[in-house]
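Here is the structure we will look at.
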Amino acid sequence: MASGIRRTMLAGIVATVGCNEGLRPTIGCPGICGTVTYAGQLPDSLKDSTDAVFVLTYRTFPQAPTDLFTFQPIPPPTVPAGGLPHRYALPLPPGTYEWVLAVWKKKSAEALSAQNADTLLREVGFYRDDGDTTRRGTGVVLVRTGTDSINFVIDFSNMHRICTYFPPCP
């Protein structure tokens with residue numbers, strides 16, 4: 001009987017040590033978090049011209065090219081340009097965010113501006129509201145203490161020019 005008690009106590013000690021702080025609260029998502037998956041790969045024709053792929057969010061949906069520079073967070077996090085699904089985190093304050101998207105940026109000697117945004121940027125994926133998947137930019141996200149599972153797909157074969165959102169496109 002004494003050896004049974006010793007074994008139970010030993011098992012309890014091993015389990016306690018094995019938890020390694022497993023019962024402490026974990027820090028959740030710092031704003032908006034989720035997973036980016038990829039529909040296909042970055043085409044070979046874009047590999048040498050790719051500067052980066054960013055995940056951005058906007059409190060209000062941009063109404064003009066100049067509004068493109070009101071994204072959050074600054075600096076925006078980059079994600080791989082293809083491969084396995086990638087977890088992202090956007091550290092953001094509480095609030096409503098009307099557009100969460102991935103943007104491909106072309107390498108350029110020019111500084112990015114409203115005048116060249118349509119040449120250097122492409123929307124390659126965005127979060128959609130499951131209730132309305134027919135419209136772009138309908139993924140309104142409310143952040144209180146952190147919002148997880150805001151997932152979207154990057155599709156380099158279906159890149160959209162910025163002027164798509166601010167017509168007319170030449």
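At the residue level, R161 shows approximately 80 square angstrom of accessible surface with a 1.4 angstrom probe and all protein chains present. Spin-label model, A89 to L112: label points 7 Å out along the Cα-to-beta-carbon direction sit 2.2 nm apart. Length gained on full extension, T78 to A39, computed as 0.36 nm times the residue gap minus the Cα-Cα distance: 12.3 nm.
The values are calculated or read from the model by the stated rules, or taken from the named source; none is laboratory data. Keep in mind the model is a prediction, meaning the values are calculated, not measured. Positions of Cβ are generated from backbone atoms using ideal geometry, with glycine treated the same way; all protein chains shown enter the neighbour counts. Just so you know, the surface numbers come from the protein's heavy atoms only, side chains and all, with ligands and any DNA or RNA stripped out. Shrake-Rupley method; radii C 1.70, N 1.55, O 1.52, S 1.80 Å.
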